[in-house]
Amino acid sequence: MFRLQNQLTGQIQEFPNRAALMIGLEGEENRCLQLNRSATLFIYHCDKQDNVLESMELTIPPTEGKEIKELLGDFGLKKEEKTSFWSRSKAPKDQSESQPDQNISRQKGGLKNWLKGFLWLLPTVLSLASFALAYQSLYLVKHSSQENIRVEEIKSNSTDQVADVFCRYFISAYFSKNSNLEDYLSKNLSKEALEQEKGTPVSVLLEKQKENGKQIEVTYVLSLRSDDEGVISKRLKLIIEADQEAKYGYLVMQKTALFAYP
């Protein structure tokens, strides 16, 4: 998990992985370019227990023509250190001394009595152990299916969140006519083919998200400010698809579609 904090405003954003972090940083860079200002960001890489693995400070937009990916370098690639199961202290050696000969026979007699009692209790112990194992097996089978359902729900929610983050920063790059707009588009779609809508997004509200096979249809309601019409509302529909080779993990597959709203 990654946490992004703006030094000036104190705003904190969280991202599930490095690809989502890159999208967030690109969006912050686009926002700073539109407002003609710079921002200092603190980036934290945390493990599942929210412990900070590494951190860095980043100023955007980058100077000397560098890209954000170049400034990040290997940040975020560090994995959690696992504690070895065998790194434990060794037990002290047995320092007991042998007993005198006269105590050996007494110990043997006590051992025989203990064995008799153990053999008498053994059937009862085995019965209780069998019952406990049967109950534990039933419990594990029942709760294993529930945990699998929870894991699938978490994976689904995580995918939806990353797709939403991708779309929001694509919208920012689209309306600002950013030079890296092609990083968001599939190979069959060029930025020249997109209709360049005039206006600056004031608000971006997710209306619905629908999966169609490998593709995801995402619809937003936008409030756009323009010099000619003031603030107007429009509905924007995007068709995106996950792509492991893409810079941000997703690609826009079809031309953007803007409709009047409501």
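A few remarks follow.
- Relative to one another, the C-alpha centroids of the range 159-200 and the range 14-36 are positioned 13 Å apart.
- Phi-derived couplings, Karplus 6.51 cos²θ - 1.76 cosθ + 1.60 at θ = phi - 60°, listed residue by residue for the range 17-29: 8, 5, 5, 5, 4, 4, 4, x, 5, 4, x, 5, 5 Hz, with x used for Gly and Pro.
- Filtered GluC sites (Glu not before Pro), the range 156-262: DSSP coil and at most 12 other beta carbons within 10 Å: E195, E229, E245
- Anisotropy class of the range 1-79 from Cα gyration tensor, a/c 1.5 cut: prolate
- T59 long-range amide H proximity, modeled H, under 5 Å: L41
- Label-point separation, Q161 to S226 (7 Å along Cα→Cβ), nm: 3.6
- Less than 5 angstrom separates the built amide H of E54 from those of H45, all sequence-distant by 5 or more or on a different chain.
- Applying 1/(1 + (r/R0)^6) with R0 = 45 Å to the Cβ-Cβ distance of N51 and K112 gives a FRET efficiency near 0.20.
- Here's how it looks for L185: its modeled amide H is under 5 Å from those of V252, which are all 5 or more places away or on a different chain.
- With a simple spin-label model that places each label point 7 Å from the Cα along the Cα-to-Cβ direction, the separation between W120 and L133 comes to 2.6 nm.
- S38-E182 FRET efficiency (beta carbon distance; Förster radius 41 Å; 0.05 resolution): 0.95
- Karplus-derived HN-Hα couplings along the range 181-194 (A = 6.51, B = -1.76, C = 1.60, θ = phi - 60°), whole Hz, x at Gly and Pro: 4, 5, 5, 8, 9, 6, 5, 7, 10, 9, 5, 5, 7, 7
Every number here is computed from the coordinates shown, using simple stated rules; none is lab data. Everything quoted here is computed from the prediction, not taken from an experiment. All Cβ positions, glycine included, derive from the backbone under ideal geometry; neighbour counts span all protein chains shown.
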